[in-house]
1. Please give the peptides 90-97, 202-209 ranked by average Cβ packing (other Cβ atoms within 10 Å per residue), highest first, as a rough proxy for protection.
2. Using Cα pairs under 8 angstrom and six or more residues apart, how large is the relative contact order of the stretch 42-154, in percent?
3. Under a 5 Å amide H to amide H cut-off, with H placed in plane at 1.01 Å, what residues pair with Ala204 once short-range neighbours are removed?
4. Once you have the alpha carbon radius of gyration of the stretch 31-158, what is it after dividing by 2.2 N^0.38 Å, with N set to its residue count?
5. Which far-off residues, 5 or more places away or on another chain, put their amide H under 5 Å from the one on Leu182, with H placed in the peptide plane?
6. Cut-off is 10 Å between beta-carbons; in what order do Ser246, Ser226, Ser105 appear when sorted fewest neighbours first?
7. Under 14 Å from the Cβ of Leu92, count the other residues' Cβ atoms, weight Lys and Arg +1, Asp and Glu -1, and hand me the total.
8. If one computes the Cα centroid of the stretch 189-210 and of the stretch 32-76, what distance in Å separates the two points?
Amino acid sequence: MNTKKSVILILFMVLLLTACNGFEPKTEDLNDDPCSSQNVIGQVKQIKELVDEFDDISFIANLTPQTQLAEPIMKLQTVRRKLANSEYPVCLKNLQNLALDFMNSEINYLAHFMGGAPREIINKEMTYSHQLRDSYEKELAALLGTDYQPFKTSTPFYVLPTPTFTSIASTSTSAKSLIQPLASNTSNQSINIRIQPDLESPIAGYLLPGDSIGILGKSNDSIWLSVNLGKENKIAVGWLYLELVSLNVSLESLPVIQSEITD
């Protein structure tokens with residue numbers, strides 16, 4: 001009888017110990033939540049780093065001659081694919097998609113510019129690209145808990161102001177109105193506008209096919225034309241190679257302009 005009680009007692013103790021050892025209170029591990037604040041920040045920074053890398057290449061692309069844009073565009077494509085092939089949690093999908101939309105639009109207008117698309121189309125695509133970038137910046141600020149700052153853009157050098165015609169009134173009835181001297185690109189390729197009257201000088205912008213630009217004067221040797229890029233551009237004055245453009249006035253009528261060459 002005592003043996004039977006002992007066996008029952010032993011079995012009871014075994015069951016009790018098994019139950020105690022097997023019971024573990026379940027707690028939610030925040031480290032397993034990809035959208036927790038401590039996890040999401042690092043992944044947001046990964047997306048931002050790719051966008052920053054894209055910006056660096058895009059800056060160089062906007063200063064690259066039209067015929068040489070293929071290489072920077074391919075580099076931009078590489079960064080875009082890297083972002084597109086990355087896996088992010090659902091809470092970051094909107095940020096990822098906004099960044100991809102911006103990158104696609106940037107690549108599109110650069111490719112169209114390289115292909116000689118009309119200025120109106122390029123300007124429209126650039127405006128749309130800036131709007132997409134602004135949407136990305138808003139989402140980024142919301143995720144990081146920072147104040148939203150509008151994305152600052154500068155007018156690319158090759159977006160030139162539309163030339164205006166000015167007439168000078170004369171008291172003489174026989175005097176004719178004078179038209180502002182213009183240089184026109186009648187070819188099907190963009191023409192480089194350089195910072196100085198030198199073929200080795202950096203490019204300040206482009207004169208797109210079919211466009212015209214106001215002339216300020218000519219170089220001492222009458223090989224280059226000084227042109228007005230407008231206040232909206234970082235460089236107000238550039239130089240066009242005379243042989244590449246058509247003039248609406250005689251070359252002799254243009255004043256000589258000294259270039260400001262600095263060491």
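1. Details: 90-97: 16.2, 202-209: 20.4.
The peptides rank, most packed first, as 202-209, 90-97.
2. Numbers: 91 pairs, mean separation 28.6, N = 113.
Relative contact order of the stretch 42-154: 25 percent.
3. Distant-sequence amide H within range of Ala204: Ile193, Arg194, Ile195.
4. Numbers: Rg = 15.6 Å, N = 128, 2.2 N^0.38 = 13.9 Å.
Against the compact-globule rule of thumb, the ratio is 1.12.
5. Amide H neighbours of Leu182: Ile215, Asn248, Val249.
6. On the way: Ser246 12, Ser226 22, Ser105 19.
Lowest count first: Ser246, Ser105, Ser226.
7. -1
8. When both Cα centres are located, 28 Å separates them.
All of the numbers you see were taken from the coordinates with simple rules; none came from a lab. Predicted, not measured: the structure shown is a model, and the values here were computed from it. Backbone-built Cβ (ideal geometry, glycine too); neighbour counts: all protein chains shown.
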